[in-house]
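Some notes on the structure that comes next.
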Amino acid sequence: MTQAEVREFAGRGDLSFLEPEALQEWVVAQRWFGSKGRAVSSLDVLQGVPLRADEPLLILALIAARFPSGTHDLYQVPIGIRHSDEGWDTGVIAQVGNWTVYDGLSDPELARELLTRMRDRSIARAGGSTLTFKWADRTDLNGSTDVRPMGVEQSNSSMVFGDALVLKSFRRLEPGVNPELELLRFLDGHGFQNIAPLAGWYEYEGRLVESTLGILQEYLKAARDGWSLAVEQDGEDPDKLIEQLDELGGVTGRMHAVLGSDASDSAFAPEEPSDETLALITATVDEEIERIFKNLPHDDTGPVARIAGRSQDVRERLGQLSRIGVGGRVIRTHGDYHLGQVMLTERGWVVLDFEGEPARTLPERRQKRSPLRDVAGMLRSFSYVAAAGSILGTRVMPEDWESRARAAFLEGYFREVDPALLPPGQESIEKLLSVFELEKAVYELNYEINNRPDWVGIPVASILRLLEAE
């Protein structure tokens, strides 16, 4: 294909000049490709929307990875195209004639194109589909021309503009508004200040799907996440961190109070939990306990030996904890809350990453749940902190640090949360919280056995503690 033909095809968003095998090989190798354990039967470009006529060219492609079962996953891949003699060598997908085709999100110039389009509130159309770029009217948020990738890619790709803005592009797409955009807009609109303010976003609407493609937020310069503050050798003084966890509890309580404050918005209005809510939770955890304990590895001397054969004890403990009346409210929550999702800044704690658990579907992540589920996630973080420094060889926390951290966080939380969101009475609150902690500890047990055997002792200790609690 000639140079002119490639430019002509790209101008209308047609990527048929790109060899499907080369694109498939590249996509499957990326960290953000979420189905590495599954065979891909084909990878098809479903839509290409041209966004830049000047070189380097930019086409936003929606790509379907199809599986032998007949299902498929949808991904966003901004495609950059430069002349080969420029020597571009980052995120290269293929060489086509005299052109280099590559991942557009690896190119600062093309990232600036997305930022410019958000500021201009531009609209791009192709093949009956529309890309809409939005700006949040925050004149105090302005990114410089300096653009760099942020950290190692996981399920998304992020680019930082100067030290002012960060763009997170969602790679795998699902129908509907991404929970992160939805929750940020709600919290910002209801005066919750402990978030990184939203500056803009872009979204797709067409015959394939309606989906959020990316969000632009304030970049938190000179901030550290709670996990590194607790675990790393140059982290916060353990006693000082206890004081800060009281403040984090207060921030969390206010966040939940705000998320449960608007009865006029059906997506956020707090609801009475159904009689089946707790029964469904406990039934699911019970099944997980039975499955995971049945497949525990044989280890006569390691941590797993301490709980081997105790499946029935754990299930009975779950049953005891579940004998509480349904109470409180279910609301929209963070959904994946732990120390890695909060950052300590000059203005206090800031909560990040409202996407929810990436492994869950978007409808699952939008479900209303007890706010105590978020609380349980943070408490599990403290269990990990208490042991992680020793495992990693960074630093050892005082022996009573976890119990003090839990007490400080919970004191701050109960001081600020709306009591109407919680079950009535301290005993009911503690039992429901223990159910959620047990749910997470059982999940962690399975994860650590399969991924980090040296960490298995952490969930084992927590399960034993829940067994022994009165």
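The values are calculated or read from the model by the stated rules, or taken from the named source; none is laboratory data. Being a predicted model, the structure only gives us computed values, none of them experimental. Virtual Cβ from ideal backbone geometry, glycine too; neighbours counted across all protein chains shown. What goes into the accessible areas is simple: the full protein's heavy atoms, side chains included, and nothing from ligands, DNA or RNA. Shrake-Rupley method; radii C 1.70, N 1.55, O 1.52, S 1.80 Å.
What ranking, highest mean first, results for peptides 46-53, 7-14 when packing means the other Cβ atoms within 10 Å averaged over each residue?
Numbers: 46-53: 20.0, 7-14: 16.6.
Packing order, densest peptide first, comes out as 46-53, 7-14.
For the full complex of protein chains and a 1.4 angstrom probe, list Lys221, Lys134, Lys294 by accessible area with the highest value first.
Lys294, Lys221, Lys134
At 0.36 nm per residue, and after removing the present C-alpha to C-alpha distance, how many nm does the segment from Gln154 to Glu247 gain when stretched out fully?
Additional length available on full extension: 30.5 nm.
Suppose only helical runs count, i.e. DSSP H with n ≥ 4. What mean residue ellipticity at 222 nm does that imply for the chain under -39500 (n - 2.57) per run, divided by all residues and rounded to the nearest 500 deg cm²/dmol?
-12500 deg cm²/dmol
Mind listing the phi-derived Karplus ³J(HN,Hα) values for segment 120-135, rounded to whole Hz, using 6.51, -1.76 and 1.60 with θ = phi - 60°, and x for any glycine or proline?
7, 6, 7, 10, 10, 10, 6, x, x, 10, 10, 9, 10, 10, 10, 10
When the solvent-accessible surface of protein heavy atoms is calculated with a 1.4 angstrom probe, in what order do Ile324, Ile391 fall, highest first? Before the final figure, lay out the partial values.
Values: Ile324 30, Ile391 70 Å².
I get Ile391, Ile324, largest accessible area first.
Tally up the carbon and sulfur contribution to the accessible surface of the chain as a whole percent, 1.4 Å probe, everything protein left in place. Each step should come with its number before you reach the end.
On the way: 9730 of 20930 Å².
Accessible surface attributable to carbon and sulfur in the chain totals 46 percent.
Sorting check: for 185-194, 248-257, which peptide has the highest mean count of neighbouring beta carbons within 10 Å, and how do the rest follow?
Ranked from most to least packed, the peptides come out as 248-257, 185-194.
What does the accessible area per residue of segment 211-295 come to in Å², with a 1.4 Å probe and no ligands, DNA or RNA counted?
So segment 211-295 comes to 46 Å² accessible per residue, rounded to a whole number.
What FRET efficiency do you get for Arg121 and Ala469 if R0 is 60 Å and r is their Cβ-Cβ distance, rounded to the nearest 0.05?
About 0.65, to the nearest 0.05.
What order do you get for 346-359, 157-170 when each peptide is scored by the mean count of other beta carbon atoms within 10 Å, highest first?
Per-residue Cβ counts within 10 Å, averaged per peptide and sorted highest first, yield 157-170, 346-359.
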